[in-house]
Each structure stands twice: as structure tokens, then as C-alpha cells.
Amino acid sequence: MSNNNIFAKKLRSSGLRPTKQRINICKFLFDRKETFHFSINDLNNSLKTIHTEKISLATIYNTLKQFTNLGLIREIVVDKNKSLYDTDNRPHYHLYIEDEGKIHDIPTDNINL
């Protein structure tokens, strides 16, 4: 089974129609060994360098909202004007370094409350 078919199946099982744009976004986010944090603009710029067909910013935004609602990714609201997304949906904490604009994961077993 090709990667595109795997991602199309993942989308269908989540109740989403596997459009070409959604498959490309899904493939970019989940076809990797490590998890990562990203903004909508980060994702948009990365997709532009990989795919020749344009994916609108509105499609990216809507797809990320759908993926968040389904629990496939996590939205991290940094401030009222900025959200970052995390492909690791396992329970863990985040540390936001404002000067760098980056988020670091902190495993739950490293926090003792």
C-alpha cells in the first residue's frame, strides 16, 4: 500500500474526506519518526517547498482545526495572536521560550507536583 493510500485511509477512519490537499498535509505531519512543533505559517512555507500545487492558507488552517478537533494534533495557544501545533498528542507539558519563539516538550514523568 502506498503512503498516500495509508494517509487516505487514516483520514477516512477519522471521518474526513481524503482530498489531495489533506493527504499532502497529513503526509507532511505524520510521515516522520520524530514529532515536532509548528505554526500555520511554518507549515505553509514547508508545503510550498515540497509540493508544486498550491494549498491555500485557509485550507491549511481548516485542516489543522479538523485535525485538532479529532485529537490527531494538539494546538498550543502561545498568546491571543499566536498558536503553535504539536504532532505529539501523548500527555506532556510544554515550555515556551518567548525570545526564541520555540516550544520544548517536558515529559509528564519529569514534573513532580
**Fill in**
By residue number, the members of the stretch 86-113 that are at pLDDT 85 or above and of a type in the set (Ser, Thr, Tyr) are THR87, TYR93, TYR96
**Prompt:** Among all residue pairs at least 6 apart or on different chains, which show Cβ distances below 8 Å where the first residue, located in the stretch 57-70, is without any contact (Cβ under 8 Å) to a residue 60 or more places away in the chain and the second is among the hydroxyl-bearing types (Ser, Thr, Tyr)?
**Reply:** LEU64/TYR85; THR68/TYR85; LEU70/SER14
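Test GLY101 against the stated conditions and say whether it is of a type in the set (Gly, Ala, Ser) and touching a Leu at 6+ places or on another chain (Cβ under 9 Å).
Details: of a type in the set (Gly, Ala, Ser): yes; touching a Leu at 6+ places or on another chain (Cβ under 9 Å): yes.
Yes, satisfied.
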**Prompt:** Exactly one of (1) in contact with a helix residue (DSSP H, G or I) (Cβ under 8 Å, 6 or more places away or on another chain); (2) farther than 29 Å from THR108 by Cβ; (3) modelled with pLDDT of 90 or more; (4) among the β-branched types (Val, Ile, Thr) is unmet by ILE50. Its number?
**Reply:** (3)
**Item:** Residue in the stretch 73-95 that is buried (at least 18 other Cβ atoms within 10 Å of the Cβ) and polar (S, T, N, Q) present
**Value:** no
**Message:** Contact list please: Cβ distance under 8 Å, first residue in the stretch 77-91 and farther than 19 Å from ILE60 by Cβ, second residue assigned to a loop (DSSP other than H, G, I, E, B) and open to solvent by 30 Å² or more (accessible area, probe 1.4 Å), pairs at least six apart or on different chains.
**Reply:** ASP88/THR35
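The values are calculated or read from the model by the stated rules, or taken from the named source; none is laboratory data. Here the structure is a predicted model, which means the values were calculated and not measured. No Cβ is skipped: glycine too gets one built from the backbone with ideal geometry, and neighbour counts run over all protein chains shown. Please note that ligands, DNA and RNA were not included when accessible areas were found on the heavy atoms of the full protein model with its side chains. Shrake-Rupley method; radii C 1.70, N 1.55, O 1.52, S 1.80 Å.
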